[in-house]
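For reference, the structure is listed below as structure tokens.
The values are calculated or read from the model by the stated rules, or taken from the named source; none is laboratory data. Please read these numbers as outputs of a predicted model, since none were measured by experiment. Note that each Cβ is placed from the backbone with ideal geometry, even for glycine, and that neighbours are counted across all protein chains shown.
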Amino acid sequence: MRKCGITSDHLFMAGMASIGLSLVSWLSSIKVENVARADRWGIFVGEWAPTFFALGAAVRLDEQQNPKIDR
């Protein structure tokens with residue numbers, strides 16, 4: 001990931017954006033669809049956040065152990 005230019009900060013921001021997107025998708029779908037389906041949309045998008053945070057933590061550890069990376 002680091003060779004592609006993705007940093008841990010990018011992944012942490014993606015996790016935060018996922019939390020916001022989860023709330024937005026839930027609020028927008030609750031007005032259009034029934035509550036059960038809106039809940040599923042919010043949960044589906046909300047499950048991305050832990051993945052992004054875990055990847056961010058792994059990349060942060062790699063950044064600390066190997067500060068220089070050949071691109």
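Take the conditions modelled with pLDDT of 90 or more and over 14 Å from the mean Cα position of the chain (by Cα) and apply them to ASP70. Does it pass?
So ASP70 does not fit the description; no.
Being surrounded by fewer than 17 Cβ atoms within 10 Å (Cβ to Cβ), among the polar types (S, T, N, Q) and farther than 30 Å from GLN65 by Cα is the filter here; which residues of segment 1-52 pass it?
Once the filter is applied, which keeps residues that are surrounded by fewer than 17 Cβ atoms within 10 Å (Cβ to Cβ), among the polar types (S, T, N, Q) and farther than 30 Å from GLN65 by Cα, segment 1-52 yields SER28, ASN34.
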